[in-house]
Amino acid sequence: MQLQTKLLAAAALIGCVVAGASFAQEKTVKIGALYPLSGQVAKSGEDTLNAIKLAVQVINTTNPDSKLPFGKTAGLPGLGGAKIELIAADHQGSPEIGAAEAERLIAQEKVVALLGAFHSSVAATSSQVAERSQIPYVSGESEATTLTERKFKYFFRTTPSSRTQAQDFFTFLRDVGKTGGTPVKTVALVTENTLWGQEFAKSVEGYFKEFPEFTLAAKITYAQGTTDVSSEVQRLIAANPDVVIHASYDAEAILFAKTYKSFGFQPKGIMAIGAAFGSGAFRTALGEDANYFLVREHWARDLAAKNALIEEVAKLYEKAYGKPMDGTPARAFQATMVLADAINRAGSADPAKIRKALAETNMPGEQLIMPWQGVRFDETGQNVLTRGIFIQTQEGKPATVWPFDFAQAKLVWPRPAWK
């Protein structure tokens with residue numbers, strides 16, 4: 001009897017030690033971030049990762065004046081003040097490297113969730129690794145529609161898909177015609193050849209039946225990383241479209257814009273999905289020639305009049321990194337906050353519990369820095385409460401010009417001639 005009592009006491013002691021160790025482990029929650037930190041879009045990758053770092057700083061530190069979720073407290077209150085430890089990895093824009101880095105972060109670094117990956121093609125491979133390992137993966141900026149059509153249980157996307165965004169282009173162009181702007185009849189489509197560009201092209205083509213007033217004048221696909229787009233621009237000149245819609249990463253967006261000017265190509269509008277013509281890198285490279293390009297965006301600083309959280313984050317970002325925040329970094333910031341909210345509600349660093357909390361997410365719009373109605377995921381992991389805007393660079397700064405009842409500046413249409 002005495003031996004049994006001693007054994008029970010020892011077991012209880014071991015249980016306390018294990019429980020204590022478990023609690024100690026959860027005082028730091030490891031999250032991995034997969035982004036292109038070298039290669040053609042390294043600058044945008046760095047800017048996006050910086051936004052995630054800023055979100056982690058907001059969560060981990062105390063700011064009594066903050067209005068952001070987690071802003072006033074240090075750490076995650078649901079885990080006793082546990083801090084987030086961010087571990088970044090450079091996937092270099094390569095799907096293969098992205099998958100390998102996801103494997104390393106999960107197996108060696110022991111992250112309990114992943115964020116990523118800017119490129120949709122990299123998100124596709126790295127999220128497969130996460131799904132196999134049953135690790136939650138939250139994407140704030142990878143847009144290919146197919147990413148949420150794979151019946152994955154651990155993949156969640158806060159940003160809208162390519163298909164959702166494609167519809168906004170047609171709605172915008174229809175609204176321009178209805179409100180007295182020079183109407184559009186013909187549309188050219190220019191996309192890079194990775195998964196993101198392919199999915200966007202497919203989505204755009206699918207909407208011409210729904211919007212019969214528009215016709216497809218040309219469809220041009222180019223290789224990501226190309227250094228000469230003269231032939232592509234000459235094909236556009238021959239097609240003479242009213243509008244060109246792009247899916248291009250920064251380097252090619254800059255190249256196309258410079259080539260457009262050199263050839264004197266002058267459509268009524270030049271538009272893009274994603275960062276492209278609206279990124280800081282684009283505005284820096286083009287100077288005043290960056291004016292009047294349009295981007296289907298998710299965030300703009302001039303919307304701060306409608307949402308004080310936007311100005312708070314924009315000021316923090318500019319103070320920390322010496323440059324204005326763009327839409328893609330803003331999306332990554334929001335995705336990080338959504339993941340942190342799920343971990344906090346889970347009250348645990350257990351990936352399965354985090355996954356369950358993500359699936360139950362229902363964040364209202366007033367808690368976001370995005371102009372969305374909120375964040376709520378459907379059974380595919382897609383946020384169903386997103387809403388799009390169009391920004392136009394005017395006098396070197398991005399301005400929200402659509403929806404018209406939401407606009408902070410008047411749309412300049414058609415675009416003025418090149419100077």
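Summary of computed values
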item	result
Test: residue in the stretch 70-90 that is under 25 Å from residue 147 (Cα atoms), among the basic types (Lys, Arg) and assigned by TED's automatic domain parsing to the domain that holds residue 315	no
Check on residue 320, out of contact with any Phe, Trp or Tyr (no Cβ under 9 Å at 6 or more places or on another chain) and closer than 29 Å to residue 249 by Cβ	yes
Matching residues, the stretch 184-212, being part of a strand (DSSP E or B) and either over 18 Å from residue 256 (Cβ atoms) or touching a Cys at 6+ places or on another chain (Cβ under 9 Å) (or both)	186
Neighbours by Cβ (under 8 Å, 6+ apart or cross-chain): first from the stretch 171-193, not assigned by TED's automatic domain parsing to the domain that holds residue 276; second at pLDDT 95 or above and in a helix (DSSP H, G or I)	none
Search result, residues across the stretch 214-251 that are assigned to a helix (DSSP H, G or I) and modelled with pLDDT of 95 or more	230, 231, 232, 233, 234, 235, 236, 237, 238, 239
Which numbered condition residue 135 fails, given (1) in contact with a Ser or Thr (Cβ under 7 Å, 6 or more places away or on another chain); (2) assigned to a loop (DSSP other than H, G, I, E, B); (3) at pLDDT 95 or above	(1)
Matching entry among 400, 380, 336, 328 (being within 13 Å of residue 156 (Cα to Cα) and in contact with an Asp or Glu (Cβ under 7 Å, 6 or more places away or on another chain))	380
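The values are calculated or read from the model by the stated rules, or taken from the named source; none is laboratory data. Just so we're clear, the structure is a prediction, and the values are computed from it rather than from any experiment. In this analysis, Cβ positions are derived from the backbone assuming ideal geometry, glycine residues included, and neighbour counts consider all displayed protein chains.
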